[in-house]
Each structure stands twice: as C-alpha cells, then as structure tokens.
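J.: Here you go, one structure.
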Amino acid sequence: MKDHFSLTGVTVAMTPMARFEEYLQSRGKRVTQQRRTILDQVFSHHEHFDADDLLEELASRKLGDRKVSRPTVYRTLGELVDSGLLRKMSLNNRSVYEHDYGYPQHDHLYCEECKQLIEFQSKELSSICETVAKQQRFRAKGHRLIITGVCSNCNKARQRPTHRLEMI
C-alpha cells in the first residue's frame with residue numbers, strides 16, 4: 001500500500017551530469033574531473049548530507065592520485081545549488097544538501113534529537129500554499145517547510161523506563 005505522503009517521481013530530460021555540464025559551459029567554466037567526481041558521488045545515492053559528509057565519502061573512495069580539496073567541494077556544492085541540481089537547507093547552523101533535480105516539491109520533518117530528516121509530500125499543504133498565494137496575488141515558485149520536533153523512535157526511547165525501580 002502506497003503511503004499518502006510518500007514522494008512521487010519526476011521525469012527529467014537530462015542526466016544530472018548533462019545538466020551540470022550545460023550550466024558550467026553557459027558560464028564559461030570548465031568541466032573538470034574533480035567536479036565530475038563530486039557530482040558522481042552526490043548522485044550515487046539519495047541522502048541528505050553536509051560538506052563534511054561528502055568529504056568523508058570522497059576520501060573513502062579509491063580516487064587514485066585525484067584528491068578533491070575542501071575548497072573545491074564547497075565551490076562545487078555552490079555551483080550544484082545554483083544549477084538547480086541540489087537544494088541547500090540550514091539546520092542547526094549547518095548547511096545540509098539534498099537532490100532537487102528529478103525530485104518533486106516536498107517538505108521535511110526534522111527530529112531535533114537524532115537529527116533525522118524525513119521527507120514527505122502533501123497535496124493538502126500544496127493546495128493551501130496555492131490558495132494563499134492566489135489570495136495575495138502572489139506568483140509562487142515553490143515553498144520550503146521544515147517541521148521540527150521528535151520522531152517516533154526518539155519518542156519511544158524517551159518513554160522507556162531507565163531506572164530499575166521504574167521497570168517494576
């Protein structure tokens with residue numbers, strides 16, 4: 001049974017690499033091996049990540065003599081955001097990235113305890129946004145909503161008895 005709030009797919013005309021190459025060329029920038037390596041790693045799986053996570057993943061890959069420096073990672077992440085491939089969010093004073101290209105408009109639940117980001121999509125929420133924008137004669141391009149709180153796993157952990165006397 002499909003979850004009412006799960007994400008649906010979006011069909012795209014170009015691969016992330018082709019789109020990034022087009023973006024770089026339109027700005028007179030070179031398509032370097034380091035940029036390709038970073039893009040390959042970012043799109044090898046779908047997870048939320050920060051620059052340090054990406055640097056660790058790149059360090060663990062067998063890149064031979066091709067090391068990717070911290071400044072190159074930060075610069076390329078900015079280019080990936082500018083090109084529309086990634087979305088940048090700020091959580092607890094750190095920048096977190098997620099895939100934007102090929103993924104539908106969606107929102108997040110953020111657990112303040114375990115730091116998990118849970119993606120969801122809601123037609124009702126989108127409808128509310130459209131209605132409010134229409135009432136204000138506002139042309140909306142999209143929205144971002146991050147609901148903060150505590151996930152069910154952390155809630156369960158909070159409710160477990162921790163002292164022997166509480167277990168009686």
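J.: Within segment 87-117, work out how many residues are in contact with a Cys (Cβ under 7 Å, 6 or more places away or on another chain) and surrounded by fewer than 17 Cβ atoms within 10 Å (Cβ to Cβ).
T.: Adding up the residues that qualify gives 3.
J.: Can you name every residue in segment 29-52 that is in a helix (DSSP H, G or I) and surrounded by 14 or more Cβ atoms within 10 Å (Cβ to Cβ)? Give the steps one after another, and end with the answer.
T.: Restricting attention to segment 29-52, the residues satisfying the condition of being in a helix (DSSP H, G or I) are 33-42, 51-52.
The answer is Q34, R35, R36, T37, I38, L39, Q41, V42, A51.
J.: Can you give me the ranges of the strands (runs of 3 or more DSSP E) entirely in segment 71-168 with at least 1 residues that are closer than 29 Å to A18 by Cβ and acidic (D, E)? It would help to see each step written out before you state the result.
T.: Values: elements: 86-91, 94-99, 107-111, 117-120, 146-149.
Filter on segment 71-168 gives 94-99, 107-111, 117-120.
Just so you know, all these numbers are worked out from the coordinates, no wet-lab data involved. Only a predicted model underlies this, so the values are computations on that prediction, with no experimental measurement involved. Reconstructed Cβ throughout: ideal geometry from the backbone, glycine too, with neighbour counts over all protein chains shown.
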